[in-house]
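The structure under discussion appears below in the form of structure tokens.
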Amino acid sequence: MATDLAPEPAEVATGEPAGPRGRLSSRLSMFGRHRWLLLMLLPGLAYFAVFRYWPMYGLSIAFKDFVPFLGVEGSEWVGLKHFEDLFTGPDFGRLMRNTMIIALLTILIAFPAPIIVALLLNELRVRWLKRAVQSLIYIPHFLAWTIVASLTYLLFSVDYGVIAEWIHSITGGQKIDYVAQEAWFRPIIMLQTVWKTTGWGTIIYLAALAGVNPDLYEAARMDGAGRWSQFWHITLPAIRPTIVIMAILTSGNLLDQSFEQFWLLRNSLNADVADVFDTFVYYVGITQGGYSYATAVGLFKGVAGLVLIFGCNWLAKRLGQRGLF
Amino acid sequence: MNTTPRRLLAGMFALTTLFGVAACGSGDEGGQAAPDGLNLMVKLFGTAPDPNGEMHKAVEKLAGKKLNITWVPNADYASKTNVTLASDKLPDLLVVNPKDAAFTKAAEAGAFWDLTDKIKKYPNLPQDPRILANASTNGKSYGVYRIRPLLRSAIMLRKDWLEKLDLKEPETTDDLYEIAKAFTEKDPDGNGKKDTYGLILPKWPAPNFSASSPYNAIDVWFGAPNGHAVREGKLVPEFDAPEFWEAQKYIKKFIDEGLTNPDWATLDTVKWLDPFVQGKGGIIIDVNVRADELFQLFKQADASDYQTKVAMAGNLKRPDGQKFSLPFTGYNDVVAISKQTVRTEEQLDEVLAMLDRLASKEGATLLNNGIEGKNFKVDGEYAVKINDQDPAVQTINNDVEKAFIQLGTSASVGFSSDKAYAWKRATPEEQAIEEEKKTLSELDLQTAQHDPTLPYISKTAVDKGATLNPIPTDARIKFLAGELTEEQFKAEIKRWYDSGGTQVMAELLELINKG
């Protein structure tokens with residue numbers, strides 16, 4: 001793209017002859033020169049072919065009325081029936097709204113959280129404290145969602161929740177059932193997400209921060225820059241490319257909510273805000289045997305995710321940043 | 001384009017394809033039946049039996065075949081069934097819910113044998129006409145049903161609490177309310193604190209409205225249809241009858257006045273019995289065999305006086321004295337036979353003969369009681385456990401109670417019918433509850449409200465059930481929690497009708513009228 005003026009060191013490493021001068025013979029010799037590299041590429045290609053592309057064949061059941069015994073081949077084509085059902089049915093609006101709101105909250109809260117924590121950690125000058133905090137906040141990443149959900153119930157249940165009890169003793173009044181009320185569903189989900197993912201997410205930013213040339217800070221100090229100015233004019237610009245890349249990568253997963261997290265917290269009372277595409281696909285496809293409909297929903301989600309990632313990439317480039325591709 | 005890179009690309013593609021085929025091939029073994037054996041998929045409630053264990057060998061000996069049993073934990077069974085159906089490796093014998101949408105579709109496409117005319121030829125296989133119909137798919141039996149009592153609903157109460165407060169077992173819905181109120185307010189455990197409640201309600205797992213939950217039982221007591229009823233030529237669902245609203249007001253009163261557990265909307269059924277045993281709550285509305293489980297839990301906590309803690313009552317009369325009872329379907333799952341591997345009529349007859357042997361008195365006793373002389377002895381009409389401190393015998397007991405009983409068709413958990421032996425209870429109090437169970441269920445069966453739609457499956461319900469079922473179910477819970485008004489609840493019911501409910505009712509009514 002014309003706006004993409006930043007130097008592109010990564011491009012050089014791929015070994016492709018730049019520009020139109022690369023002719024057939026040079027391409028040929030390229031294959032010869034890199035035959036071992038290409039051979040090493042094979043397992044990766046095989047992985048994608050077998051586990052990523054081949055299963056896409058199964059997506060065809062989104063356009064069929066899949067009957068288990070008849071199989072993918074034998075089932076009858078029904079065209080866009082399942083998509084019509086989805087878009088005209090009662091579920092779509094709710095699923096879309098819930099998924100988008102959670103996605104938005106993720107961008108606003110869960111995405112910046114590790115950046116902020118990493119910047120704060122970076123400012124810590126006491127080495128052992130920095131190390132200790134870092135190690136401690138990694139721990140939740142290694143806990144399964146089922147454990148996080150159990151902890152949530154233990155802490156917030158209206159009958160025996162420790163924190164629920166504690167809040168009640170301070171505020172008084174009616175006891176609040178945090179795990180059952182619609183209004184509390186999203187806050188609790190975000191609390192879980194931030195608690196579980198923030199620590200782990202700081203790793204990549206801390207790595208980027210470690211790569212900043214100390215000379216820059218020294219020069220800035222010589223020019224009389226305070227800590228705030230150093231942060232604003234050196235630290236932040238230094239990790240900006242990382243933030244942008246992470247943002248684009250995140251955008252591709254925005255519609256992927258961690259299924260267990262939602263499924264385990266869902267009940268009849270918060271169902272209206274708790275149902276997202278991922279839980280719905282599981283519920284319809286696996287528990288109810290509505291294979292085709294579930295596949296159609298999943299396919300829609302996949303396409304929407306693809307649009308999002310291209311959109312963010314385009315936006316990043318428009319804003320003068322380096323895109324992902 | 002030069003041909004060489006293309007050829008290289010083609011080569012790479014061929015290689016990857018080869019990898020793909022190899023990867024698929026390696027896991028592909030179970031497609032064919034073992035030549036002299038059968039592959040089965042059966043429910044499991046504990047740890048899986050050892051295929052070389054005494055119990056497994058005994059069952060194989062009676063079956064006359066080698067049995068490769070895939071034991072699947074009950075909690076995952078429905079998902080596992082749907083995944084198995086979608087794969088191309090069906091077991092020869094599948095224990096399955098005959099109303100499962102994917103199963104119905106597969107069966108109607110020809111994946112399983114239609115046993116409608118076959119079952120009659122095997123005298124030991126259960127074949128009560130009403131239950132055969134209930135377990136059928138629009139009149140066709142795609143499996144041998146596994147018997148269950150037709151009436152299992154009951155109320156379990158803390159007997160010691162009733163005695164302390166000088167109360168009797170309830171007979172009417174008003175009695176139950178009074179008991180719940182007393183359990184909540186009059187300190188039944190005598191610890192001087194107001195820390196108990198009456199009724200324990202859990203989060204019911206099924207998204208289907210009619211799911212034999214405590215809520216369904218109360219609906220039926222007030223005279224609402226059990227699932228569905230034909231009234232004045234129209235098919236009325238449970239949640240659209242005037243009596244239903246009486247029942248909701250009744251349940252809501254419990255919740256609003258704090259006579260239930262505060263976490264009633266989220267309490268998992270796995271932990272449902274805990275408050276009863278821990279002395280937090282005193283009433284459970286569920287299947288009558290839950291009494292046995294409660295006795296066991298009390299016994300584990302304190303064996304000295306556990307037998308004095310559980311009382312039982314049957315279905316309740318509504319305020320005007322009329323009584324309606326909640327029956328069950330009379331079966332739990334069917335054993336379906338795959339056409340994929342059992343290909344010919346001769347092979348089918350062989351498999352059915354085996355199931356018939358397992359359903360005989362000898363087979364039912366083996367699957368329900370165990371090995372006579374090893375883990376039980378016969379005392380009159382009862383079976384009595386022997387040597388149950390011996391680890392080897394405990395293994396047999398575990399294999400029977402948590403696993404093999406799920407393969408039985410002619411007798412089952414808590415229902416020995418006339419094929420297996422009922423267990424003699426350890427104490428007279430437990431034996432008395434056992435007798436009461438029988439008396440109450442026979443009595444309540446006379447007022448049972450049967451669901452006329454059970455034998456039938458509506459096509460729209462198969463297609464849209466996943467979307468339709470949760471609408472009224474979730475709306476009821478929200479109404480009870482005070483998040484929906486009666487008008488908003490009625491609007492949700494209208495949404496159910498408009499999203500396909502009307503069509504489901506019309507299709508079912510047509511099937512009923514056709515008979």
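Roughly what % of Cα-Cα distances in region A:16-158 sit above 18 Å, to the whole percent?
Across region A:16-158, Cα pairs with separations above 18 Å total 82 percent.
Using only atoms on other chains, find how many Cβ atoms lie within 10 Å of each Cβ of peptide A:269-282 and report the average.
Neighbouring Cβ atoms belonging to other protein chains average 2 per residue here.
Using a 10 Å cut-off around each Cβ, can you sort B:Asp166, A:Asp91 from fewest to most neighbouring Cβ atoms?
Starting with the residue having the fewest Cβ neighbours, the order is B:Asp166, A:Asp91.
Mind jotting down the distance between the C-alpha centroids of region B:54-69 and region B:323-397, whole Å?
Taking the Cα centre of each part, region B:323-397 and region B:54-69 sit 12 Å apart.
Using amide H atoms built in the peptide plane, which far-off residues or other-chain residues are under 5 Å from A:Phe66 H to H?
Residues meeting the criterion, in which the H sits 1.01 Å from N, are A:Ser292.
By average Cβ neighbour count within 10 Å, what is the ranking of B:115-123, A:93-101 from highest down?
A:93-101, B:115-123
With Cβ to Cβ distances under 15 Å as the rule, what net charge do the other residues near B:Asp305 carry (K, R +1; D, E -1)?
That works out to -1.
Can you list the residues, at least 5 places off or on another chain, whose amide H is less than 5 Å from the amide H of B:Lys317, using H built in the peptide plane?
The list, which skips near neighbours in sequence, is B:Thr172, B:Thr173.
Under a Cβ-Cβ cut-off of 14 Å, what is the net charge of the residues other than A:Trp263 that fall near it, where Lys and Arg count +1 and Asp and Glu count -1?
Computed value for this residue: -4.
Between A:Val307 and A:Trp232, with labels modelled 7 Å along Cα→Cβ, what's the label distance in nm to one decimal, could you check?
3.9 nm
Give me the inter-chain shielding for B:215-224: mean count of other chain Cβ atoms within 10 Å, whole number please.
0
Go through B:172-181, B:420-429 and give me the packing order, highest mean Cβ count within 10 Å leading.
B:172-181, B:420-429
Taking the Cα centre of the protein assembly as shown as origin, work out the dipole magnitude from +1 charges on Lys and Arg Cβ and -1 charges on Asp and Glu Cβ, in debye rounded to 20.
3160 debye
Mind checking the mean number of beta-carbon atoms from other chains within 10 Å of the Cβ atoms in A:286-297?
Partner Cβ neighbours, averaged per residue: 6.
Only Cα pairs within less than 10 Å get springs; with that Gaussian network setup on chain A, which residue of A:Leu151, A:Leu42, A:Leu249 has the largest fluctuation?
Ranking A:Leu151, A:Leu42, A:Leu249 by mean-square fluctuation puts A:Leu42 first.
Kindly rank A:303-315, B:234-246 from highest to lowest mean number of other beta carbons found within 10 Å of each residue.
B:234-246, A:303-315
What is chain B's relative contact order, in percent, from Cα pairs under 8 angstrom and six or more apart in sequence?
Relative contact order for chain B comes out at 22 percent.
Expressed as a whole number of Å, what is the distance separating the alpha-carbon centroids of region A:81-119 and region A:242-301?
The two parts, judged by their Cα centres, are 9 Å apart.
Mind checking which of A:Trp232, A:Trp200, A:Trp77 has the largest fluctuation in a GNM of chain A, springs on alpha carbons under 10 Å?
Evaluated over chain A, the most mobile residue of the options is A:Trp232.
Any read-out appearing in this document is the output of simple, stated calculations on the displayed coordinates, not a laboratory observation. Please read these numbers as outputs of a predicted model, since none were measured by experiment. Cβ sites come from the backbone with ideal geometry, for glycine too, and all protein chains shown count toward neighbours.
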